[in-house]
1. Hey, could you check region 128-141 for residues that are crowded, with 21+ Cβ neighbours inside 10 Å and under 18 Å from TYR274 (Cβ atoms) and say which is modelled with the highest pLDDT?
2. Go through region 777-805 and count every residue that is crowded, with 20+ Cβ neighbours inside 10 Å, of a type outside the set (Ser, Thr, Tyr) and outside any helix (DSSP H, G or I).
3. Just name the residue that is nearest to VAL322 (Cα to Cα) out of those in region 373-393 that are surrounded by fewer than 24 Cβ atoms within 10 Å (Cβ to Cβ) and β-branched (Val, Ile, Thr).
4. Taking the residues in region 755-768 that are out of contact with any Pro (no Cβ under 7 Å at 6 or more places or on another chain) and of a type in the set (D, E, K, R) as candidates, determine which candidate is most open to solvent (accessible area, probe 1.4 Å).
5. Of these, ALA823, ALA773, which one is modelled with pLDDT under 95, within 60 Å of the chain's Cα centre (by Cα) and open to solvent by less than 60 Å² (accessible area, probe 1.4 Å)?
6. Of the conditions (1) out of contact with any strand residue (DSSP E or B) (no Cβ under 8 Å at 6 or more places or on another chain); (2) aliphatic (A, V, I, L, M); (3) buried (at least 18 other Cβ atoms within 10 Å of the Cβ); (4) assigned to a loop (DSSP other than H, G, I, E, B), ALA450 satisfies every one except a single condition; which number is it?
7. In region 74-121, which residues are open to solvent by 40 Å² or more (accessible area, probe 1.4 Å), within 30 Å of ARG585 (Cβ to Cβ) and of a type outside the set (Ser, Thr, Tyr)?
8. Taking GLN628 and the conditions (1) in contact (Cβ under 8 Å) with a residue 40 or more places away in the chain; (2) among the polar types (S, T, N, Q); (3) surrounded by fewer than 23 Cβ atoms within 10 Å (Cβ to Cβ); (4) within 26 Å of LEU453 (Cα to Cα), which numbered condition does it fall short on, given that it satisfies the others?
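The values are calculated or read from the model by the stated rules, or taken from the named source; none is laboratory data. Computed from a predicted structure; not experimentally measured. Ideal geometry is used to build each Cβ from the backbone, glycine not excepted, and the neighbour counts take in all protein chains shown. For accessibility, only protein heavy atoms count, side chains too; no ligands or nucleic acids. Shrake-Rupley method; radii C 1.70, N 1.55, O 1.52, S 1.80 Å.
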Amino acid sequence: MSAKKRTVSGALGGLLGFIGMSAVAGVLVTVGVTPALAITGMTATNTINAFESLPDYLKVDQLSQVSTIWAVQNDGNPYPLANFYDQNRIEVPLESMSQFVQDAAVAGEDPRFLQHGGVDIQGTVRGALSTITGGGTQGGSSITQQYVKNVLVQKCEVLTDEEELDACYLDATETSPDRKLREMRYAIGVEKTYSKDEILQGYLNITLFGGSTYGIESAANYYFNTTAANLTLAQSASLIAIVNNPEKFRLDKPNSETNGAANAYQANKERRDYILGEMLKYKKVTQEQYDEAVATVIEPTITEPSTGCQTAGGSAYFCDYVTHILKSDPTFGEDEETRMLNFRRGGYDIYTTLDLELQFAAEQTISDNVPETYVDEDTGETWDVGGVATTVQVGTGRVLVMAQNKIYSQDPDVLALGPEYTSINYNTNKTEGGSSGFQPGSTYKVFTLAEWLKEGHSLNERVDSARKANWGTFKDTCVDSGSVSYGTGFNPKNDANESGTNYSALQSTINSINTGFIGMAKKLDLCEIKKTAESFGVTRADGGELSEGASSVLGTQEIAPLSMAVAFAGIANDGLTCSAIAIDRIVGADGTEIDPPKSNCTQSVEPSVAAGMAYAMGKVLTEGSAVQSNGNTFPKVPMIGKTGTTDFAKDTWMSGASSNIATVVGVVSVTGERNQRQTYFDSGQAATARHRMWPDIMSVANAKYGGDDFEEATNNVIQGAQVSVPDVRGDDIDEATDALEGAGFEVLDGGMVDSELPEGTAAGTDPGNGTTATVGATVTLYTSRGNQVLLPDVVGDSIEDAQAALTDFTVVTTDQVITDEGADGEVISMSPVSGVPTTTGGTVTLVVGRVDAAGADTNNGNGNGNGNNNGNNGAGNDE
């Protein structure tokens, strides 16, 4: 269209042509035939041809609507956690809109709406006259035309490229005859496709009511804290007034000089009252209703819509986790940005797995037991402490609880207020909005226990558990050499300074013995322990690969609590681990069900192994380090668990499960370090807060979900396969070692011992030959010094012959009165007895029979004492 200044004659000619064509157009519109609009400077024929060539079909796309994340309450009713939107819009049907608001829209914006075919010729002529005579481009658009314009604008809103968006918006909104002509053509097409009610409904749902508020339902909510169905006459007219000029007439700027609280929202009132007058004029209201509405003071009740996870209160971190899941779901788009954009606009209802009853219990117990931040009253030292809780349903992976001791915010200004505010979710992996994780301590030992049982070892099998400065070489098939060696730098100690040297796997689990688990790892492949942890869904929280070093057996890698909860749920589920899910249902704006992300279940360990793990971990609660948690949990159901404490009690954990619910709680150091055993909260010692929180959550869980017995562990898992220790005495040491290993035993070098067997050969074993022992158990093999001989049997020999036979020993005799003259002077007993290995030069006591008591040799009166002592010593050596 030319931008040259019009001449008077040109303007007049155009005006006359326009008026003439408008008359024709009016007739054509009335009979439903496509009209033509005269454009200044064009002939009538050209105008009609140009109009006819324009498209008349307008596809009405899905409007941008509010999406909501829900939790489902016990009664089955959904509870909104948070809303998300670019445009605050809630679509409602026409029957859910007050008749007042429908009539106000028609009377105020398009009184002839029900008569025209999409274009109000009178209004159009009025607007054209203003434009042609230089009065500026003026309105005159019908409701249908306004609807078309809004639909075109909405099509622009979905564009992500800024240049394309600007160009689209300009094309849809510029004040030019060209755009007006296209708008009219579309309006007539819309009228042929949709009923008047459908057009009015679409108009009231799409139109802008100021700011980011779109549609009559959201406008009623926002400005008057009511619904579209319950709007009064005065409220309806005030809201429709806003449509005419959303920025000028909006009611949420009380400080405005032209339309604020001080002047009773004068600008809006003037437009409102005009609309009320039109409603009276067209007999949509009575005089009484009109008078009352005009006299009504405009008193908006601004109700800010909830938007974003910060409105979800204590469930905000779970809400944040859900949004990260949506970002990774291709259902919503090809990349994260597009997915969240579509989610904010799509009107989706996301029904989550969150159990509000359990969630509230978790939030309460964390609030009761872990402060948002800690300040030492004596030193003023601050500690950024974290309290976390995550609960997962066994067998489904459904996340039921996710809570922490901080206040959620994404606002940098709020985050700067102090450590009690954070946007970081301590329960999840970094890619899911979480931190880099925390060391789980001894709770990670369950994966070594799993690998131990997988490899055929039993719970009662013992290992070398002595603390040592050099643990030597460990098998590690993840490295090219197949093994790794640890020198003097690796010297773990036990948390309670336990000093046993030969703990069983069961004892090590019950009491969380560090050296016991390192001893178990020595018999395993560190690489396979890592793979077992991974099979339970465990990864590093920062996205890195799990390491398999010997220290990792003790839980020194940073893991997300949710990962550990999933793993414990897998143990409780007969070794079948189900990945975490947080969404049960997704419903589109049109009611269509969309498949949510599914849980993937994999068999991490065989059920028999899981049963053995459950057997040991059950005793942790009834006999071991988690007795306090068990004692505070009611009602009682079978449960398993494992505690964890990192170096210097920096982080403390309680992880466990029933057959239905798995829960992990922890008190962690977010930044800085502090010994929790030396720190006290209002609720008690920081290190024991876990044993107050875990029972609070599991008590609610047990009452609601119950729990069954775990699969019974087999005798082989508990005791192991039993075999006899072979007799290797006198064998070459290498041969003896091969024989013992061939029988399924681990061999420990017991060093040199006194023995009658040839020097350098096997002197014996512990347990001894013929003893029944568990396959895989450690048998200690001793090497002979060759410095002993077997005592000859001299009982019945004369004292002279006996002494001659014992020339290599010190012989002590004592007499005993007898009545058998034939045995006079013979040895009737000896100590040590014959056949006992005895060191050369040792003492042998002989008892000699004497018929003549007077001839008995008293031998200083202590022969019997020496004999008894030697007998005791001999018995001790025999053991």
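1. Only one residue tops the list, namely SER141.
2. So the count comes out to 6.
3. By that ranking, first place goes to THR373.
4. Start the filter on region 755-768 by keeping residues that are out of contact with any Pro (no Cβ under 7 Å at 6 or more places or on another chain), which leaves 757-768.
Add one more test, that the residue is of a type in the set (D, E, K, R), and what stays is 759, 766.
Numbers: GLU759: 138, ASP766: 85 Å².
Filtering region 755-768 for residues that are out of contact with any Pro (no Cβ under 7 Å at 6 or more places or on another chain) and of a type in the set (D, E, K, R), the one most open to solvent (accessible area, probe 1.4 Å) comes out as GLU759.
5. ALA773
6. It fails just one condition, (4).
7. ASN74, ASP75, GLY76, ASN77, PRO78, PRO80, ASP86, ILE90, GLU91, PRO93, GLU95
8. Result: GLN628 fails condition (4) only.
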